[in-house]
Amino acid sequence: MIPLVEFPELVQHYAPYFERVFSPAAFVQFKRYISGLIVSQNKTVEGINRLFVLESRNQSSLNRLLTESPFTVTDLNQARLDLLDSLPTTRLKRHGVLSVDDTLLTHYGQHFDEIAKLYDPKENHYVWAHNLVTLHYSDDDTDYPVFFQLWKPVELEPLERGLVAAGIALRQAKQALKTEAPDKWKAYLLGVWRRHSDQPEVAALYDSKLRIAEQLLSRWVEAHPELREHVPVTFDNWYTQPGFCHHVGDKLGLAYVGSLAEDDQVLLKTGAERLDAFAARLKAEHLQALKAHQPGLFQRITIHYTTTRGSASRTTPTARPIGSSRSASSAW
């Protein structure tokens, strides 16, 4: 452990940008906490408190910063964004890109608020974790999280009461699942909620990851309306769902790119088809058209991308849109 006799120079330089968020006493504890996160190998409150050898304080003072101090995370994050916006290299730019994703914050214990047993696709098994949904910004010069929100497990009793209060009938035959198969009861309630989530009073009963992502993007558009037409949004195939895509594109007016897995289904005018089969058919039709000396399905466009040595342009084939996105209710 490296003892501290004063705040690190990095903390002394940037801390004043956050002073408005805290009371004088809490601001001192904030600087102690940030210093400990940077320097200490032991990131616990007790471990951080032990670093300061010349100004010994009870760890309860530092603990109160995290549990009882009246500052808000929203105000603290806004101070961070204001700092980033004040610098030319880190401020938001028209050629930037937003991305939406969630991250598992795994724990070895189970006794944490809002923790849940969630599937980790990298480890291929379930883990006890928090799940943080993040809206991230990136451009040629910088990248950093803009907004974030912790996903919270659904509370079944308030959800059930809310659905009934909204006039949604729950099947009597499913009531036995409450005690006989709680997981199936949970899946049933969430399915009912999902089918009626277009109703505002129903949507407000539970913040799913998709709903959180919609809220984060809505906040960004409200804060930066001048960038809406210039900054696109990207997300992986879990978020590439009809409701979310319609919210991003139609309601918020943002351009977006959502990825798809090979086994995802696309709904076309001719019916449902696996993505890999759809792609293979497009390629075959394109080659057949060229062989017949007719215009192909693909045309070349020029896109801008970042390389390790700077920016460049590349000519890439792309297809004309002839079908809808994953599980969409209608074709283009």
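Rule-based calculations on the coordinates, nothing more; no lab input. Bear in mind the structure is a predicted one, so any value in this text is a computation, not a measurement. Here Cβ is always computed from backbone atoms with ideal geometry, including for glycine, and neighbour counts include all displayed protein chains.
Evaluated at q = 0.30, 0.31 Å⁻¹, a Debye calculation over the C-alpha positions of region 55-110 (equal weights, vacuum) places log10 I(q)/I(0) at -1.11, -1.12.
In a fully extended conformation the segment linking GLU273 and SER138 would gain 45.2 nm over its present Cα-Cα distance, using 0.36 nm per residue. Note on GLU180/SER56: beta-carbon distance plugged into 1/(1 + (r/R0)^6) with R0 of 56 Å gives a FRET efficiency of 0.45. Here the calculated FRET efficiency for ALA169 and HIS107, from their Cβ-Cβ distance with R0 = 35 Å, stands at 0.35, rounded to the nearest 0.05.
Sorting 98-111, 169-182 by their mean Cβ neighbour count within 10 Å, with the most densely packed peptide first, gives 98-111, 169-182. Ranked by the mean number of other Cβ atoms within 10 Å of their residues, highest first, the peptides 229-240, 209-220 fall in the order 209-220, 229-240.
Counting residues in region 163-306 as N, plug N into 2.2 N^0.38 Å and put the Cα Rg over that result. Kindly include the intermediate steps, with their values, before the conclusion.
Values: Rg = 21.0 Å, N = 144, 2.2 N^0.38 = 14.5 Å.
Compactness ratio reported: 1.44.
Modelled spin labels at LEU87 and ASP250, positioned 7 Å past Cα toward Cβ, are 4.1 nm from each other. Counting Lys and Arg as +1 and Asp and Glu as -1 over every other residue whose Cβ lies under 13 Å from the Cβ of ALA173, the net charge comes to +3. Computed from Cα atoms alone, the Kirkwood hydrodynamic radius reported for region 1-62 is 11.7 Å.
Candidate cross-link partners of LYS269 among the lysines, defined by an alpha-carbon separation under 21 Å and a same-chain spacing of 8 or more, comprise LYS283.
The angle separating the long axis of helix 275-291 from the principal Cα axis of greatest extent in the chain is about 50 degrees.
Find out how many positive minus negative residues lie around LYS184, taking Lys and Arg as positive, Asp and Glu as negative, among other residues whose Cβ is under 11 Å from that of LYS184.
Spelling it out: positives minus negatives among the neighbours equals +1.
Give me the angle, in degrees from 0 to 90, between the Cα long axis of helix 156-165 and the longest principal axis of the Cα atoms of the chain, rounded to the nearest 10. The answer is roughly 60 degrees.
For LEU227, neighbours were defined as the other residues whose beta-carbon sits under 9 Å from its Cβ, and their charges (Lys and Arg +1, Asp and Glu -1) total +1. Amide H contacts under 5 Å for VAL146: LEU135, HIS136, TYR137, restricted to partners 5 or more places along the chain or on a different chain, H placed in the peptide plane at 1.01 Å from N. Measuring nothing but alpha carbons in region 156-203 and taking Rh as the Kirkwood radius, the Rg to Rh ratio lands at 0.95. D by Stokes-Einstein for region 5-148, Kirkwood Rh over Cα pairs, 25 °C, 0.890 mPa s: 139 µm²/s. The long axis of helix 73-85 is offset from the longest Cα principal axis of the chain by roughly 80 degrees. With 30 Å as the limit, the listed pairs LYS43/LYS122; LYS152/LYS174; LYS43/LYS178; LYS43/LYS209; LYS152/LYS184 have LYS43/LYS178 beyond it between alpha carbons. Per-residue packing, averaged as other Cβ atoms within 10 Å, sorts the ranges 135-141, 247-253 into the order 135-141, 247-253, beginning with the highest.
Rounded to 0.05, the FRET efficiency of the ARG194 and LYS152 pair, given R0 = 22 Å and the Cβ-Cβ distance, is 0.85.
What the Kirkwood sum gives for the chain is a hydrodynamic radius of 24.2 Å, with every pair of different alpha carbons counted.
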